[in-house]
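A quick write-up on the structure given underneath.
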């Protein structure tokens, strides 16, 4: 542990000793349940990220969205219309993901000169916040190298590298690289992806280096294919808190700011490096906590509206990617939008209703009009993606094979310079198809993606710019 985390841990341990095991028996059932619920919410992002890491890396070679530790998983094409994998897929950027183990030594992450192409390299700890964000906004398009160091590392940073201090043993980078969807541009992006490189510091500069990932455990004690939410529910109460205590021991030390939460958790026996004993709380409390996983997940779901504010019918997320001690917001993102970018890098407003507050449906025709000069203010790019709602948010199959509408479609302005987009099932006419976002026949959700939103007025970040309402015209 670093001195910061060691001091935090000592403080937490001291507080835990002060309350002692007798306090757990003195708690009422309601008090124990309240603390346990808060503890469940607190740990949800950590458990979710670790389950996802194990599921994604428990393979011998890169296949689909899975790959061994220490290897880039490069997605080379946008998903097809019938894709039903990860909900709310995008057709703006191609993903490149890599999981790293910083337990033995630092790793070096590098990318080439990206020219004028937009790209983003957010880096996440196991707790899920963005610990550093490389890319167009922060480091520019020139080639760059990062030295990723784990807890307790105190070596010398090689010249020409930017150090990123990672507070957990494992970490994820989930890069996004813009592609316009044409075959020629796919190939250009794939050539860049092939130059994204990760390697241990000891292998830096070795041209013939090939990383061989250590063997993975084929039976980690949970399904490698079920959704993380289902896996986590399967842990039960005791299994969940056992995993949380084990991860907090060395793999993912709690932050110093979490000391008050750790002190509360210790009152019911949840402490780093110690097994959790549900029975020690007494039969009544143990019985009351049997449904804790389901009840806590429902509470997390009920807090989804807390992710943002509603503006002209659009839900605009606020404060994701960096959470501090807002454990509920972190848990909501872990459950429904894992892992999330910093809002300075990307904001994704979405709407479920028209200007009259009625649900959007392909039974009707809608327009969205940006006044002249009032298109989304971004330094990167923007687009709107159409999703049908069928046990998830999915692309809408259509004759144009068009899932987004954006300036790359060469939008046709109105005579007054405004731009009107059309959300409907049938074509608005050949002369308007550039501005058409095909909708399903049933319910749908448009999502506006704004990459690198401007921070100067007007800006969606401070509310001085808002998306216009979706208006029903027929």
Self-check item: Cβ-Cβ under 6 Å pairs, at least 6 apart or on other chains, the range 449-460 side without any contact (Cβ under 8 Å) to a residue 40 or more places away in the chain, far side surrounded by 16 or more Cβ atoms within 10 Å (Cβ to Cβ) and assigned to a strand (DSSP E or B)
Solution: none
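Of all residues in the range 64-83, how many are part of a loop (DSSP other than H, G, I, E, B) and either farther than 27 Å from residue 407 by Cα or not assigned by TED's automatic domain parsing to the domain that holds residue 175 (or both)? Quick ask: steps written out before the conclusion?
Just the residues of the range 64-83 that are part of a loop (DSSP other than H, G, I, E, B), to begin with: 64-65, 67-72, 75-83.
Imposing the further condition that a residue be either farther than 27 Å from residue 407 by Cα or not assigned by TED's automatic domain parsing to the domain that holds residue 175 (or both) reduces the set to 64-65, 67-72.
The number of residues fulfilling the criteria is 8.
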Quiz prompt | Sole exception among (1) over 20 Å from the mean Cα position of the chain (by Cα); (2) without any contact (Cβ under 8 Å) to a residue 24 or more places away in the chain for residue 230, by number | solution = (1)
Quiz item: Can you find even one residue in the range 353-368 that is under 27 Å from residue 141 (Cα atoms) and either touching a strand residue (DSSP E or B) at 6+ places or on another chain (Cβ under 7 Å) or not assigned by TED's automatic domain parsing to the domain that holds residue 453 (or both)?
Solution: no
Exercise. Select from the range 221-242 the residues that are out of contact with any helix residue (DSSP H, G or I) (no Cβ under 9 Å at 6 or more places or on another chain) and surrounded by 18 or more Cβ atoms within 10 Å (Cβ to Cβ) and list them in ascending order.
Key: 242
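Here is a check on your reading of the model: is residue 135 over 19 Å from residue 213 (Cα atoms) and without any contact (Cβ under 8 Å) to a residue 60 or more places away in the chain? Full working, then the answer.
On the way: over 19 Å from residue 213 (Cα atoms): yes; without any contact (Cβ under 8 Å) to a residue 60 or more places away in the chain: no.
Judged against the criteria, residue 135 is not a match.
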Quiz item: residue 213 is checked against (1) free of Cβ contacts under 8 Å to residues at least 12 places away in the same chain; (2) not in a helix (DSSP H, G or I) and fails just one. What number does that condition carry?
Solution: (1)
Quiz item: Checking residue 427 against (1) in contact (Cβ under 8 Å) with a residue 60 or more places away in the chain; (2) touching a strand residue (DSSP E or B) at 6+ places or on another chain (Cβ under 8 Å); (3) surrounded by fewer than 21 Cβ atoms within 10 Å (Cβ to Cβ); (4) closer than 18 Å to residue 470 by Cα, which single condition isn't satisfied?
Solution: (1)
Exercise. Report the residue count in the range 21-69 for those that are more than 21 Å from residue 239 (Cβ to Cβ), at pLDDT below 95 and crowded, with 17+ Cβ neighbours inside 10 Å.
Key: 1
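Restricting the search to the range 84-113, which residues are in a loop (DSSP other than H, G, I, E, B) and more than 25 Å from residue 448 (Cα to Cα)?
102, 103, 104, 105, 106, 112, 113, listed by residue number.
The values are calculated or read from the model by the stated rules, or taken from the named source; none is laboratory data. Please read all numbers here as calculations on a predicted model, not as lab measurements. Note: ideal-geometry Cβ built from the backbone for every residue, glycine included; neighbour counts use all protein chains shown.
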